[in-house]
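The values are calculated or read from the model by the stated rules, or taken from the named source; none is laboratory data. In this text the structure is predicted, and so the values were computed from the model without any measurement. Every residue, glycine as well, gets a Cβ built from its backbone with ideal geometry; the counts of neighbours run over all protein chains shown. Surface areas here come from the heavy atoms of the whole protein model, side chains and all, with no ligands, DNA or RNA. Shrake-Rupley method; radii C 1.70, N 1.55, O 1.52, S 1.80 Å.
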Amino acid sequence: MNEDSIPATALATLRWFQSDRPPLALALVNGESDRLASDLQSALGARSDGLLIRCCTGLAGLERAETALRVAEARMGIADGATPVVASMADTARAVLALQKPLIASPRLVGFTWDRAGLRTSLGCADPSPLLDQARLQLLFAAAAAGVPALEWRTGASGNADEARSLGFAGHIG
């Protein structure tokens with residue numbers, strides 16, 4: 001699926017492994033879209049608790065999304081920094097390599113996740129693959145270094161919550 005074809009109103013749900021934390025409905029936005037500013041503004045109008053910004057590539061991707069989100073919040077009369085964000089940081093090979101550089105988290109950042117299916121497509125590899133496992137572990141290291149939770153993104157019935165929890169993931173998105 002072309003990432004630009006994701007409707008801004010598509011929603012995913014973040015469920016924390018800690019039972020005392022309520023789930024969050026997240027509107028999906030493509031962080032590499034040429035229409036990022038308007039997509040963010042549309043997503044802010046959706047009935048969601050925050051945003052899941054896909055295809056963030058390293059610090060530059062986070063900064064681009066943060067800047068565009070500040071503008072969108074201002075245009076909609078939303079307080080600066082009020083919108084919680086989950087950043088999908090390992091959706092492509094380029095993004096996985098960018099995880100090796102230190103990432104600085106903004107206060108609005110709820111956590112880092114990754115899109116296993118998107119990365120598999122980007123790499124052209126089978127699933128399971130040691131390449132995907134390595135990217136998953138790199139995401140855990142990057143999240144810990146940035147001081148934010150790592151979140152497993154499960155599609156369909158894939159993924160094992162107990163395994164994800166034992167590795168250090170704080171929740172899952174599905």
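Below, the figures for the structure above:
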{"read-out": "Odd one out for A46, checked against (1) out of contact with any Lys or Arg (no Cβ under 7 Å at 6 or more places or on another chain); (2) modelled with pLDDT of 95 or more", "value": "(2)"}
{"read-out": "Complete set of residues in the range 63-77 that are open to solvent by less than 50 Å² (accessible area, probe 1.4 Å) and more than 18 Å from the chain's Cα centre (by Cα)", "value": "A72, E73"}
{"read-out": "Among residues of the range 66-81, those that are among the β-branched types (V, I, T) and closer than 17 Å to S33 by Cα, counted", "value": "2"}
{"read-out": "Filter result for the condition that a residue is at pLDDT below 95 and either closer than 30 Å to G124 by Cα or hydrophobic (A, V, I, L, M, F, W, C) (or both), over A68, A79, A10", "value": "A10"}
{"read-out": "Filter pass, T67 being among the β-branched types (V, I, T), in contact with a strand residue (DSSP E or B) (Cβ under 9 Å, 6 or more places away or on another chain) and more than 26 Å from A135 (Cα to Cα)", "value": "no"}
{"read-out": "Total residues in the range 148-164, condition at pLDDT below 95 and either exposed (fewer than 14 other Cβ atoms within 10 Å of the Cβ) or more than 19 Å from G118 (Cα to Cα) (or both)", "value": "8"}
{"read-out": "Selection from the range 21-45 of residues that are part of a strand (DSSP E or B), aliphatic (A, V, I, L, M) and within 14 Å of A10 (Cβ to Cβ)", "value": "A25, L26, A27, L28, V29"}
{"read-out": "Only listed residue being surrounded by fewer than 13 Cβ atoms within 10 Å (Cβ to Cβ), small (G, A, S) and part of a helix (DSSP H, G or I), chosen from A143, A60, A82, A126", "value": "A60"}
{"read-out": "Residue satisfying condition, being open to solvent by 50 Å² or more (accessible area, probe 1.4 Å), more than 18 Å from H172 (Cα to Cα) and not polar (S, T, N, Q), within set D133, D34, D39, D49", "value": "D34"}
{"read-out": "Hits in the range 63-79 - residues which are without any contact (Cβ under 8 Å) to a residue 24 or more places away in the chain and outside any helix (DSSP H, G or I)", "value": "G77, A79"}
